[in-house]
1. Once you have all Cα-Cα distances for region 410-497, histogram them in 10 Å bins from zero and send the whole-percent values.
2. Measuring from a point 7 Å past the Cα of Asp395 along Cα-to-C-beta, which residues in region 463-481 have an amide N at less than 15 Å?
3. Sorted by accessible area with a 1.4 angstrom probe, largest first, how do Asp162, Asp153 fall?
4. Considering only Asn252, Tyr314, Pro330, whose Cα is most displaced toward the positive end of the charge dipole of the chain, charges sitting on Cβ of Lys, Arg (+1) and Asp, Glu (-1)?
5. To test your reading of the geometry: what angle, between 0 and 90 degrees and rounded to tens, separates the Cα axis of helix 3-27 from the longest principal axis of the chain?
6. On full extension of the chain, what length is gained from His34 through Asn180, given 0.36 nm per residue of separation minus the C-alpha to C-alpha distance?
7. Counting DSSP beta bridges with both partners in the chain, what percentage is antiparallel, nearest 5?
8. Can you bin region 98-166 into rounded, prolate or oblate? Criterion: square roots of the alpha carbon gyration tensor eigenvalues sorted a ≥ b ≥ c, rounded for a/c under 1.5, prolate for a/b above b/c, oblate for the rest.
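The values are calculated or read from the model by the stated rules, or taken from the named source; none is laboratory data. These figures come from a predicted structure and were not determined experimentally. Here the Cβ is made from the backbone with ideal geometry for all residues, glycine too, and neighbour counts use every protein chain on show. Only protein heavy atoms, including side chains, enter the accessible area calculation; ligands, DNA and RNA are left aside. Shrake-Rupley method; radii C 1.70, N 1.55, O 1.52, S 1.80 Å.
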Amino acid sequence: MKTEIRRFIIQTLITGVLSTISGAAAASENLQAHTPPPEPVRPLPKPRQLDWHERGRYMFLHFTVNTFTDMEWGNGKEDPQVFNPTSLDARQWVKTAKDTGFEMVILTCKHHDGFCLWPSKYTDHTVAGSPWKNGEGDVVREVSDACREFGIDFGVYLSPWDRHEPCYGDSPKYNQFYRNQLTELLTNYGEISMVWFDGACGEGPNGKRQVYDWDSYFALVRKHQPGAVIFSDAGPGVRWVGNEAGYAGDPNWAMYDIRNIEIGGGRRDQMTHGNINGNKWVPAECDVSIRPGWFYHKSEDDEVKSLEKLFDIYLNSTGNNSCLNLNVPPDRRGLLHENDVQRLREFSDYLNTAFNPNLLKPGLTTETGNTRGNEAFYNGTRAIDDDPMTYWATDDGVTNSWLTVEFEDTKTFNIAVLREYVRLGQRVAEFELQALNNGQWETAASGHTIGFQRIIKCPDTTTDKVRLLIKNARACPTISVFELYNAPDIKEFTNAE
Ligand code: FUL
């Protein structure tokens, strides 16, 4: 069971719903608070959404008949005989993901062409009609088994748009067909952690546009996989960020106004930035491919994104209150290509090097402009104590304040990691990171939202004292993580490889 869901159940059982919110911080240390924690600012994340935030980055696997026909969108008329990977190894996909820091893989079990990577009993347009393993294979089974073996989560993509299925466009009939296929995936492959719904929609052979019954699809997920987070361009669990480049906006609120929004027809600006007045917690996912296309094309073997580009995407996705869903398409052999694997290793090595060591060690001297109730329980040390369950908070109504940390000697940094204690809601609307230079505070970096996690880059900055300035917030800020790093120059790092 996932951490947040387990924590939620235990806390609810022992102390009741109210202290689920207030007791989290107290549990991690002996400090006692006399002043109550800040009132939650709604909407709040659900435990399965917190688990999703924690993942940070996961891997999309686009694989189907398109891999063999060199297409991005199949037309549904492909002969299943074209699907013939020579040495498919799902363990290589999942092990690569795990080894390079990805916490989940999401497989395109069926893309728009309608070809199923598992032997669905509701159509013959599946792997069962292919020469691969003499029609006895099941790619979904192999990937889900590999996820259990290597200890990462498994998610499914099942395209509602189906260009093969004859009943597509006959809305009630196709909705039942789709629910049948979804049920197969939700009930035969163990725990599913994410269900990724693509909003693409078209006309069926009858010339009619298919009307998807989203509510009934989502109800099936809730019934069979209560821990799974549901993605569509408008949630309800996670929303699309509004582009396929891998970049969330600033601000990027996890809140989203789902009133009057149709799936497949959301407003791009709200997807990219969220909505400070949104009524639901629906954080953005950044999906992007490591290559120009979503599917493997030999002609793109030399167009794998550079390490610089991937790191920039990382800062703007995982580092911007979002998660990165990086697509790495298996090739015609049924393997992740050497060039992609090499880049993933470099990416993971760079992240491990860049985020180590944290210069804001627990025990450094902190000061704040305001501390909630003037109590140690909420003071500045709580942001640098290596425990994301404790936080610096101000008194109610104080939405503009600061936190300083003094180094023991002079340090150079170029990256800051910040987190809010979002179990009480996302609050910060504007912040600045400053360094003391000859008695003057100078700006190193600035931004709008922080949310679950903000990773912000700045020029190399040398100082013996830093200040986090919260300039504006929806309610008193709760800062649970403040870290600084001195990352190596990425170009030199690549050359050193
Ligand atoms: C889009 C699809 O049309 C693309 O082929 C790809 O699967 C992408 C992730 O979503 O809607």
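1. In order of increasing distance, the bins hold 17, 44, 28, 10, 1 percent.
2. Taking a point 7 Å out along Cα→Cβ of Asp395, the residues of region 463-481 whose backbone N falls under 15 Å are 476-477.
3. Asp153, Asp162
4. Asn252
5. 20
6. 47.2 nm
7. 60
8. Numbers: a/c = 3.07, a/b = 1.62, b/c = 1.90.
Judged from the Cα gyration tensor, region 98-166 comes out oblate (a/c at least 1.5, b/c at or above a/b).
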